[in-house]
Amino acid sequence: MRKKTQLIHGGIFGDEKTGAVSVPIYQVSTYKQDGPGKHRGYEYSRTGNPTRNALEELIKELEGGERGFAFGSGMAAMTAVMMLFNQGDHILLTDDVYGGSFRVMTKILNRFGLEATFIDTSDMDSIEKGIKQNTKALFIETPTNPLLKITDLEELSKIAKTHHLLTIVDNTFSTPYWQNPLTLGADIVLHSATKYLGGHSDVVAGLVVVNDEKLGDDLHFVQNSTGGVLGPQDSWLLMRGMKTLGIRMEEHERNTTEIVRFLTGHEAVLKVHYPGLLNHPNHEISKKQSRGFGGMVSFDVGSGEKAQQVLEKVKYFTLAESLGAVESLISIPALMTHASIPAERRKELGITDGLIRISVGLEDVKDLLEDLEQALEG
Ligand SMILES: *Cc1c(COP(=O)(O)O)cnc(C)c1O
């Protein structure tokens, strides 16, 4: 099955009992047992729920993994994955990782003795150097947020395997439509499904897929024990959004290509970060491991004041955190998504005050281009 077909027919299609073509919302917490301990596959909805299960089967197939899991948010998904590790373990993470991922590692999980260091994972030497005796996993985001840096997933998984480390990939930006880390050697892939997978700015959710049975059992144990599950209504809403992921990603990409062309030619723009650009340092790697470059772009307008001006003048780009929805969104990472990263560190990473990030939506691209043009003027 090809991806667009899989999005619609994958997982559990419809309802066998009634013929309903969409999966029913099983708004239920507990299930009648035929005898003590004799249940029909479901006993309690934290442990398992048919609507959530349909979503979990769907994401499992889309990522080509062994088992899928749905959580109440991307951060709940990441936290559950980190609970696979023990006190004293060390995780190496991408340096410009999502702000919330940085925060949970350095403000919460560190209190339970999980160590983390942040390195440029697009540089294989720095990975080798960063691996310590107690390192247990590499946690990668590619492309990264907001600089769109690319890590070679095949190379990285090889390094991980020689050191007996798990490779965990946050695949939020690419989605399973464009990129499948498990087929490139990763062990665990996770998503903030709040973004492209949901796609309509109306649901907060997280998804995880693992590539082997043992990891599946371990993660189910964590999910059931700690309880950060996604409810049936949101599971249904997410599946509804996912059905159109293919056509949305294709159109996001088309609009983004035109916007990138416009930005690179504009005199007020100092630099454009987009993996689809020939001059992007890892353009070739991106082409090799992903089927598309995505709908996220960041560009530098030189100063915080200029960036503020653009944000004040745009009409169709909504000033908001988040990304990946039908409506175009605009933000200043230094003041918003990455505000929880200390200023010093932001500077090291190259997240300048004049950096603007846009999530290109599905409006008519001519309107988006005209809007950016007038916002950049003066
Ligand atoms: C938004 C986001 C998260 C966190 O997901 P939530 O659903 O907001 O909890 C994690 N990683 C990336 C790359 C994100 O963009």
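For L278 and M124, what does the FRET efficiency come to when R0 = 30 Å and r is the distance between their Cβ atoms, rounded to the nearest 0.05?
0.85
For the chain, what is the calculated [θ] at 222 nm in deg cm²/dmol (nearest 500), taking -39500 (n - 2.57) for each run of four or more DSSP H residues and dividing by its residue count?
-10500 deg cm²/dmol
Go ahead and set up a Gaussian network model of the chain, Cα springs under 10 Å, then flag whichever of Y31, Y274, Y316 fluctuates most.
Most flexible of the set in this elastic network: Y31.
How large are Rg and Dmax for the stretch 154-219 when only the alpha carbon atoms are used, in Å?
That works out to 13.0, 42 Å for Rg and Dmax.
Tell me the per residue accessible area of the chain using a 1.4 Å probe; a whole number in Å² is fine.
For the chain, the solvent-accessible area averages 44 Å² per residue.
Measure nothing fancy, just the Cα-based angle from helix 153-162's long axis to the longest principal axis of the chain, in degrees from 0 to 90, nearest 10.
Helix 153-162 and the main axis of the chain meet at about 60 degrees.
Evaluate the Debye formula for the stretch 1-136 with equal point scatterers sitting on the alpha carbons, no solvent, and hand back log10 of I(q)/I(0) at q = 0.15, 0.16, 0.19 Å⁻¹, in q order, two decimals.
-0.92, -0.98, -1.11
With springs only between Cα atoms under 10 Å, which of R240, R40, R357 fluctuates most in a Gaussian network model of the chain?
With Cα springs under 10 Å in the chain, the top fluctuation among R240, R40, R357 is at R40.
Any chance you could check the Cα centroid distance between the stretch 191-253 and the stretch 6-77 for me, in angstrom?
Using only Cα atoms to place each centre, the spacing works out to 12 Å.
Arrange the peptides 294-302, 171-179 so that the one whose residues have, on average, the most other Cβ atoms within 10 Å appears first.
Those peptides, ordered most packed to least, come out 171-179, 294-302.
Could you please state how large a percent of the accessible area of the stretch 3-242 is carbon and sulfur, counting protein chains only and using a 1.4 Å probe?
51
If the elastic network links every pair of Cα atoms under 10 Å, which of L245, L237, L349 fluctuates the most in the Gaussian network model of the chain?
Answer for the Gaussian network model of the chain: L349.
Enter the angle in degrees (range 0 to 90, nearest 10) between the Cα long axis of helix 213-226 and the first principal axis of the Cα atoms of the chain, meaning the one along which they spread out most.
Once rounded, one gets 90 degrees.
So what's the net charge close to P146: Lys and Arg +1, Asp and Glu -1, counting the other residues with Cβ under 9 Å from its Cβ?
Counting the neighbours of P146, the net charge comes to 0.
Over the stretch 246-376, what number does the Rg to Rh ratio reach, with both radii from the alpha-carbon atoms and Rh per Kirkwood?
0.95
Could you list, in their original order, any pairs among K3/K195; K161/K243; K195/K347; K161/K347; K4/K107 whose Cα atoms are separated by more than 28 Å?
Distance filter (> 28 Å) returns K161/K243; K161/K347; K4/K107.
For the chain, find the longest principal axis of its Cα atoms and tell me its angle to the long axis of helix 304-313, 0 to 90°, nearest 10.
Helix 304-313 sits roughly 70 degrees off the main axis of the chain.
Rounded to the nearest 5, what % of DSSP beta bridges with both residues in the stretch 3-242 are antiparallel?
Here the share of antiparallel DSSP bridges comes out near 45 percent.
Calculate, for E154 and R2, the FRET efficiency according to 1/(1 + (r/R0)^6) with r their C-beta to C-beta distance and R0 22 Å; round to the nearest 0.05.
After rounding, the FRET efficiency stands at 0.45.
Normalised radius of gyration for the stretch 3-242, please: alpha carbon Rg relative to 2.2 N^0.38 Å, two decimal places.
Working it through for the stretch 3-242, the quotient is 1.02.
Cross-link candidates for K313: which lysines have Cα within less than 22 Å, leaving aside residues fewer than 8 places away along the same chain?
Those lysines meeting the cut-off are K271, K366.
The values are calculated or read from the model by the stated rules, or taken from the named source; none is laboratory data. Worth saying up front: this structure is predicted, and the values here are computed from it rather than measured. Positions of Cβ are generated from backbone atoms using ideal geometry, with glycine treated the same way; all protein chains shown enter the neighbour counts. Just so you know, the surface numbers come from the protein's heavy atoms only, side chains and all, with ligands and any DNA or RNA stripped out. Shrake-Rupley method; radii C 1.70, N 1.55, O 1.52, S 1.80 Å.
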